[in-house]
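Student: If you scroll down you'll find the structure; I have some questions about it.
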Amino acid sequence: KMAGGNSNYWEDLRKQARQLENELDLKLVSFSKLCTSYSSSRDGRRGDSSDTTPLLNNSTQDRMFETMSVEIEQLLAKLTGINDKMAEYTSTPGVTSLNAALMHTLQRHRDILQDYTHEFHKTKSNFLAVREREDLLGSVRKDIESYKSGSGVNNRRTELFLKEHEHLRNSDRLIEDTISIAMATKENMTSQRGMLKSIQSRVNTLANRFPAINSLIQRINLRKRRDSLILGGVIGVCTILLLLYAFH
């Protein structure tokens, strides 16, 4: 029961408040490390395919998280109660002369309580967000692995069908390219044929107009044939002589 303006009562409340603040400080440091190690262990397992197992698995960390959360909430509630008792003491008529100093001390303890409460809720929210995200990703990975393992044959067939479809598309593309080349070649040959007919018709026209040119062209053709025969005979004789020389 509060003993009026007894200063020992105030000092006892301050002592309890400092003790709870020290406990909360240690608990919050450990709580923050637990949340950080939880996130790091999840990231490590995603990036490492080895069979190594972390010191603390997820279920153990989850239990520790729940236990520490309850303990910190209890300490915060106790510290809130101590602050309320200190506020009640400052409003006692018998301590009005010391009210300014007491209010300053009370405000400092309230600020510490507010900081610890804010830090606790922030760390807890971050932990829950990481756990929810990791659980969601784990569920997605399980669904993907289950789909792959359950539909391996279908995936294989689908892959073969896709490859066959790609081969058919490539074949159609090659056929279209070949047809385009053939059409271009046909048009080119038709154009050349027209040019040759035009030249031939012009030559025939000139030959009909100028008989001397016609006879000259015929003599040139005869001389070319004669030269070809002579050249062929010389080559044949030389070949025979080389063969006789080689075998003798």
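Student: Pull out the extension gain between residue 235 and residue 200, defined as 0.36 nm times the separation in residues minus the alpha carbon to alpha carbon distance; nm, one decimal.
Tutor: Contour length minus the Cα-Cα distance gives 9.3 nm.
Student: Hey, rough spin-label estimate for residue 162 and residue 64, points 7 angstrom out along Cα→Cβ, what's it come to in nanometres?
Tutor: The two pseudo-label positions are separated by 4.4 nm.
Student: Under the Karplus relation 6.51 cos²θ - 1.76 cosθ + 1.60, θ = phi - 60°, what is the ordered set of whole-Hz ³J(HN,Hα) values for the range 162-173, x standing for Gly and Pro?
Tutor: 5, 5, 5, 4, 5, 4, 5, 5, 5, 5, 4, 5
Student: Sum up the charges of everything whose Cβ sits under 15 Å from the Cβ of residue 104, counting Lys and Arg as +1 and Asp and Glu as -1, but leave residue 104 out.
Tutor: Computed value for this residue: +2.
Student: I would also like to ask the following. Describe numerically, in nm with one decimal, the distance between label points set 7 Å from Cα along Cα→Cβ at residue 216 and at residue 192.
Tutor: Each label point lies 7 Å from its Cα, and together they span 2.9 nm.
Student: Note the full-extension length gain between residue 178 and residue 100 as 0.36 nm times their separation in residues minus their Cα-Cα distance, in nm to one decimal.
Tutor: Separation in residues times 0.36 nm, less the Cα-Cα distance, equals 18.1 nm.
Computed from the coordinates by the stated procedures, all read-outs in this text should not be read as laboratory data. These figures come from a predicted structure and were not determined experimentally. Using ideal geometry, Cβ is built from the backbone for each residue, glycine included, and neighbour counts are taken over all protein chains shown.
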